[in-house]
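First up is the structure itself, then whatever we jot down about it.
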Amino acid sequence: MILLLTNKDDITIDFVVRELQNRGCSYYRLNTEDIPEIVRVSFSINEDSYIIYDTVKRQYINLNDVSAVYFRRPKISDLSHISEISPQEKRYLQSELASLLEGIYKTLRHAFWINDIYRIREAENKIYQLQLAKQIGFEIPQSMISNSVSPLQEILQKSNGNCIIKPIRSGNMGYPDGRQVIFTSQFNESVLDWEDRINAFPSYLQENLNKAYDIRCTVIGDNVFAAAISSQNNPDSCIDWRRSKKPLPHKKIELPQDIQDKAIEITHTLGLTYSAIDLIMSKQEEFTFLECNPNGQWAWIENRLGYPISEKIVSLLQNV
């Protein structure tokens, strides 16, 4: 039994579901926001019994029988099915559901994971990623995180005044009416004149490299699939290719073996089986590591370039 942990809106998991169905695999897709309205849980600690029941599919899943887990994008129920609930009560109940999910993750520690949730959380730290990348032998940009003016001035000098500013962890900002993203942007040196503002919170600056194109490197086990993304012909995507308002040209590329080996090594050193690594190819034809996304999206790469990413994921889940 393969368990898929995600949410109703996750399109990427559909690629994996299709491959599982093609192979006739036994699986269950747990959209975690369905707990507790649709999915019931019955956990008897004394009996070592951990059962979930899908009331729509009328399907029982014994967590002890799960052999592999694909961790994608779990969500907590918005509890809209419970009427007359205060904001304080809602926060409390959602906290309880979060703890229940943590208990499910711990219960499944006997299974093979892509990727282990606790490894993902550790791997998401960009400071740690850069330390490892440097240790492994990747080229990395000049980077500085500080809430003091002098160190930020120093990196600007080293970068000839050309730096970008980016989030330390994730740029996702949740709002009641939707989600906004803080993208990587050009840093305006005049901000350093506002010392109180700089001192108030750490800024993450990197040199703005002279890019030829961006690279999304998808690592699955010992397989590496690289896509060159033509980001430099569009002003919206020059700094951060995700900002483009229209699809950017993609093409398959074969990375040099030493770069592939480093991509695999940093993935495994982070305790991951899957990762999506962002690299830069400079106009001087040098590869530079930017960051590793331990649970990054990949469906658009498979869809556009035909890489067998879902096949490799399912093969790992099947232990093939």
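Determine the equivalent ellipsoid of region 206-320 by diagonalising the alpha-carbon gyration tensor, then write out the semi-axes as square roots of 5 times the eigenvalues, largest first, rounded to whole Å.
Values: eigenvalues 118, 53, 28 Å².
Gyration-tensor ellipsoid for region 206-320: 24, 16, 12 Å.
In whole angstrom, how far apart do the alpha carbon centroids of region 100-172 and region 302-319 sit?
What the calculation gives is 26 Å, centre to centre.
With the crude spin-label approximation of a point 7 Å out along Cα→Cβ, what separation in nm comes out for ARG304 versus VAL41?
It is 3.8 nm.
Could you work out how much longer the chain between GLN284 and SER83 gets when fully extended? Use 0.36 nm per residue separation minus the Cα distance between them, nm to one decimal. Please list the in-between numbers first.
On the way: separation 201, 0.36 × 201 = 72.36 nm, distance 6.11 nm.
Using 0.36 nm per residue and subtracting the Cα-Cα distance, I get 66.2 nm.
Based on DSSP H runs of at least 4 residues, each adding -39500 (n - 2.57), what is the mean residue ellipticity at 222 nm of the chain after dividing by all its residues, to the nearest 500 deg cm²/dmol? Provide the component values of the computation, followed by the final result.
Values: 9 runs with 96 residues, N = 320.
So the calculated ellipticity at 222 nm is -9000 deg cm²/dmol.
Using a Gaussian network model on the chain with a 10 Å cutoff between Cα atoms, which of ASN208, ASN199, ASN125 fluctuates the most?
Maximum among the listed residues: ASN199.
Once you've got the GNM for the chain with C-alpha springs shorter than 10 Å, pick whichever of SER67, SER190, SER231 has the biggest mean-square fluctuation.
SER190
Mind telling me which of VAL69, VAL149, VAL224 comes out most flexible in a GNM of the chain, alpha-carbon contacts under 10 Å?
Most flexible of the set in this elastic network: VAL149.
Assuming a ≥ b ≥ c are the square roots of the Cα gyration tensor eigenvalues, decide whether region 96-237 counts as rounded (a/c under 1.5), prolate (otherwise, with a/b larger than b/c) or oblate. Mind dumping the intermediate values first?
Working: a/c = 1.92, a/b = 1.45, b/c = 1.32.
Here region 96-237 falls in the prolate category.
Taking the Cα-to-Cβ direction at GLN142 and at GLU195 and moving 7 Å from each Cα, how far apart do the two end points lie in nm?
Each label point lies 7 Å from its Cα, and together they span 2.3 nm.
Explain nothing, just the number: dipole magnitude of the chain about its Cα centre with +1 on each Lys and Arg Cβ and -1 on each Asp and Glu Cβ, in debye rounded to the nearest 20. Write out the running numbers ahead of the final one.
Details: 35 positive and 41 negative charges, 126 e Å.
It comes to approximately 600 debye.
If you put +1 on each Lys and Arg Cβ and -1 on each Asp and Glu Cβ, how big is the dipole of region 182-247 around its Cα centre, in Debye rounded to 20?
For this selection, approximately 460 debye.
Starting from 0.36 nm per residue, how many nanometres of slack lie between ARG18 and LEU93 once their C-alpha separation is accounted for? Present the calculation step by step, with values, prior to reporting the outcome.
Details: separation 75, 0.36 × 75 = 27.00 nm, distance 3.42 nm.
Roughly 23.6 nm would be gained on extension.
With no solvent and one point per C-alpha, what does the Debye sum give as log10 I(q)/I(0) for region 1-142 at q = 0.13, 0.15, 0.17 Å⁻¹?
For the requested q values the scattering log ratios are -0.69, -0.86, -1.03.
Computed FRET efficiency, Cβ-Cβ of ILE253 and ASP222, R0 25 Å: what is it to the nearest 0.05?
Numbers: r = 18 Å, r/R0 = 0.73.
In this case the efficiency is close to 0.85.
³J(HN,Hα) across region 2-15 via Karplus (A = 6.51, B = -1.76, C = 1.60, θ = phi - 60°), whole Hz, x for Gly/Pro?
Rounded to whole hertz, the list is 9, 10, 9, 9, 7, 9, 4, 8, 7, 6, 4, 5, 4, 5.
Rolling a 1.4 angstrom probe over the protein heavy atoms, how many square angstrom per residue are accessible across region 4-146? Walk me through the intermediate numbers first.
On the way: 7900 Å² over 143 residues.
Accessible surface, normalised per residue, equals 55 Å².
Quick one: Debye curve from the C-alpha atoms of region 181-252, no solvent, what's log10 I(q)/I(0) at q = 0.12, 0.19, 0.20, 0.27 Å⁻¹?
Relative scattering, expressed as log10 I(q)/I(0), comes to -0.48, -0.88, -0.93, -1.23.
With a 1.4 Å probe and all protein chains left in place, how much of the accessible area of the chain comes from carbon and sulfur atoms, in whole percent?
On the way: 7660 of 16930 Å².
Ligands and nucleic acids excluded, carbon and sulfur give 45 percent.
Distance check, please: which entries in LYS158/LYS246; LYS158/LYS252; LYS262/LYS312; LYS126/LYS262; LYS166/LYS245; LYS252/LYS312 exceed 26 angstrom between their Cα atoms?
LYS158/LYS246; LYS158/LYS252
The values are calculated or read from the model by the stated rules, or taken from the named source; none is laboratory data. The structure presented is a predicted model; accordingly, all values stated were derived computationally and were not measured. Every residue, glycine as well, gets a Cβ built from its backbone with ideal geometry; the counts of neighbours run over all protein chains shown. Areas reflect the complete protein model, heavy atoms only, side chains present, ligands, DNA and RNA absent. Shrake-Rupley method; radii C 1.70, N 1.55, O 1.52, S 1.80 Å.
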